[in-house]
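Enquirer: Okay, here's the structure, questions in a sec.
The values are calculated or read from the model by the stated rules, or taken from the named source; none is laboratory data. Please read all numbers here as calculations on a predicted model, not as lab measurements. Positions of Cβ are backbone-derived with ideal geometry, glycine not excepted, and every protein chain shown enters the neighbour counts. Surface accessibility is based on the protein's heavy atoms, side chains included, excluding ligands, DNA and RNA. Shrake-Rupley method; radii C 1.70, N 1.55, O 1.52, S 1.80 Å.
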Amino acid sequence: MSRNLDSPVQTQMAVAVFKTPLTGGNKMEGNQHKHHQQQQKLQRQSSGRRVFVQTETGCVLGMELDRSDNVHTVKRRLQIALNFPTEESSLTYGDMVLTNDLSAVRNDSPLLLKRNFMHRSSSTPCLSPTGRDLQQKDRSGPIEILGQSECFSVVKQMVKDIVKAMKLGVDPLPVHSGLGGAYYFRNKKGDSVAIVKPTDEEPFAPNNPKGFVGKALGQPGLKSSVRVGETGFREVAAYLLDYNRFANVPPTALVKITHSVFNVNDGVKGNKAMREKKLVSSKIASFQKFVAHDFDASDHGTSSFPVASVHRIGILDVRIFNTDRHGGNLLVKKVGTFGEVELIPIDHGLCLPETLEDPYFEWIHWPQASIPFSDEEIEYIQKLDPVKDCEMLKRELPMIREACLRVLVLCTVFLKEAASYGLCLAEIGEMMTREFRAEEEEPSELEVVCIEAKRSVTERDVFSPRSDVIGEAEFQFDLDCDELESVYGSKLQLTDDNFTKNPFSNGRSSLGKLEESIKEEEEEDEDEVEDITENAVPMITLKDSFFSSTVLSKLSTSMKNTHLSDTGRKNNTKPLTRGKSENTSSGHKSANEQLQASASFVKVADMKEDEWVLFLERFQELLGPAFAKRKTATLSKRQRLGTSCQF
């Protein structure tokens, strides 16, 4: 039987006023609340799923779904409970725009209600419920974990301790540092237990408490490849991917959490009128265990850092393509009496971007990063399985975008092959990092390989006898760095041979079979290089299993000399500039003037599944010459530290 949609009893309020405070309460009320929670749990197990709908201005509504519910009923409940306009809006679930059917939505999943572009206005605040909605008590509990993974057992115990403290009147403390909103939640002794970061208080999000506002949830954020409101699940992903606490990431979960300490702006100007009223608000937030420490890596010399700790954190950073590994998010804790320290990596909200960009690895020039991997580290790397990683993340974080998963796969394959080839952590990081020449950003060595692998897939699609396209003219692909997207004319017809090779094999890398020494041309005809660079890289016939080092060297030289502002455009469009973005949905400049645009030289999300498989195969084949070139450059241009150095 369908529920009465007009009944506020079926909904939770995002901004609610409790009839009784979170502190105190008699024993009978506590027993009734516990009984109600047990009934809710049994109801969820028997009748359906619980989801958390978030508006792009930050309001959150938890609701139960049954088989009869659809997108219309979800919007209707949201409108009734929050007095929030839902006309001309879309309900999204990760990459998926839900039309009407909700069967794909998993239990404990967050959904985002986005207003269509023409009707979007960040100046519309999240309105408080009125009438009898204001009298309804949010009886779901102050903290709910989104997900049922066994990895969250530590988090569950922390939640219990924090809820007890909240009932005793121990309030959380705001964190004054950083650009986003964050709060220390404490136990009954007053000790910090967890750090909570609401997704709608991120930099440039609607309810940011520090004035960095101007964008709605789901729009490009601090990094153009990471959307506003989506750093929280990335924090959780980093923890879930850190198998056996290899890199020492603190336990992290995504939660729906309710408290009056959170910030709710009155519109986009950042006024705190609603905050001053001490209204209780519900948020979706990352919830991470607080780790007591002595200082961070920016306040301490790096020579005392254990080689193993630096390697393990670096391995994680490479896998997840961390774009923000600086000294401030590497906590240092003293252990023992002889100066030993332990490193704790935190703040992974800017990992797993939707496209390759410029990562930042603080450890890249530390001497520890130049020491070869140990046998234990090599074994750990070779056991990594990106396919299983993606399956796990889809199961635990169903809202994660496919583009993020492809970046994870690409970087894990790159790490596995590089380690098998004998590259150290510093060399791997350098291959992933872009360079700036004449104030222009150039593609990294990793991106150069990706560009050619993607081009190869396109050429195979066009010229293969199995292609559906007949009589196509020869293409030349303009290296327009802000619009570098291959055009696919047909769907590849694959045979079983295409899937014989497992690109994620945990055995010895096929790159080990490559020739140990590859001669590199030291002198190249400058006129020929200029011809290649001027407008486009010429077509290369794919006759061999991998490119010679000469071809890759020319490609690399061509790409390194191709600047973002001069890519041989034939039209009147403006060159890509770093800095301001001309268009903004809110009209506020804060979210655009402070961002530096990072170019996207190559995208992996626009490939079809069969093209993606072929891309990975070609990508692996091209890595051998790229690794050889990196080794040669390392030996000739950089004085390596010996492994006998003591740290």
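Enquirer: Restricting attention to segment 188-204, report how many residues are under 12 Å from F287 (Cα atoms) and open to solvent by less than 10 Å² (accessible area, probe 1.4 Å).
Expert: 4
Enquirer: Wholly within segment 25-130, which strands (runs of 3 or more DSSP E) include no fewer than the required count, namely at least 1 residues that are more than 24 Å from A253 (Cβ to Cβ), at pLDDT 50 or above and of a type in the set (G, A, S)?
Expert: 89-93
Enquirer: Can you pull out every residue in segment 323-349 that is touching a Leu at 6+ places or on another chain (Cβ under 7 Å), open to solvent by less than 20 Å² (accessible area, probe 1.4 Å) and farther than 18 Å from D294 by Cβ?
Expert: Answer for segment 323-349, where residues must be touching a Leu at 6+ places or on another chain (Cβ under 7 Å), open to solvent by less than 20 Å² (accessible area, probe 1.4 Å) and farther than 18 Å from D294 by Cβ: just T323.
Enquirer: A follow-up question, please. Go through segment 362-380 and count every residue that is crowded, with 20+ Cβ neighbours inside 10 Å and either aliphatic (A, V, I, L, M) or not in a helix (DSSP H, G or I) (or both).
Expert: Summing the residues that are crowded, with 20+ Cβ neighbours inside 10 Å and either aliphatic (A, V, I, L, M) or not in a helix (DSSP H, G or I) (or both) in segment 362-380 gives 5.
Enquirer: While we're looking at this one, here's another question. Please find, among V291, V307, V249, V268, the residue that is modelled with pLDDT under 95 and either open to solvent by 10 Å² or more (accessible area, probe 1.4 Å) or of a type outside the set (G, A, S) (or both).
Expert: After ruling out the rest, the residue left standing is V268.
Enquirer: For segment 227-241, which residues satisfy the criterion of being outside any helix (DSSP H, G or I) and surrounded by fewer than 24 Cβ atoms within 10 Å (Cβ to Cβ)?
Expert: Residues satisfying the conditions are R227, E230.
Enquirer: Taking into account only those residues within segment 160-205 that are assigned to a strand (DSSP E or B), of a type in the set (A, V, I, L, M) and over 19 Å from L350 (Cα atoms), which is nearest to the chain's Cα centre (by Cα)?
Expert: Looking at the filtered set, the residue picked out is A194.
Enquirer: Only one residue in V175, V155 is under 24 Å from L61 (Cα atoms) and open to solvent by less than 30 Å² (accessible area, probe 1.4 Å). Which one?
Expert: That would be V155, the only listed residue that is under 24 Å from L61 (Cα atoms) and open to solvent by less than 30 Å² (accessible area, probe 1.4 Å).
Enquirer: Ok, one more. Would you say F185 is of a type outside the set (S, T, N, Q), open to solvent by less than 30 Å² (accessible area, probe 1.4 Å), more than 19 Å from M399 (Cα to Cα) and in contact with a Pro (Cβ under 7 Å, 6 or more places away or on another chain)?
Expert: yes
Enquirer: Tell me whether segment 7-22 contains one or more residues that are under 22 Å from N263 (Cβ atoms), modelled with pLDDT of 75 or more and touching an Asp or Glu at 6+ places or on another chain (Cβ under 8 Å).
Expert: Scanning segment 7-22 turns up no residue that is under 22 Å from N263 (Cβ atoms), modelled with pLDDT of 75 or more and touching an Asp or Glu at 6+ places or on another chain (Cβ under 8 Å).
Enquirer: Next up: Would you pick out the residues in segment 137-172 that are touching a residue at least 60 places away in the same chain (Cβ under 8 Å), of a type in the set (A, V, I, L, M) and over 15 Å from G232 (Cβ atoms)?
Expert: Residues satisfying the conditions are V154, M158, V159, M166, L168.
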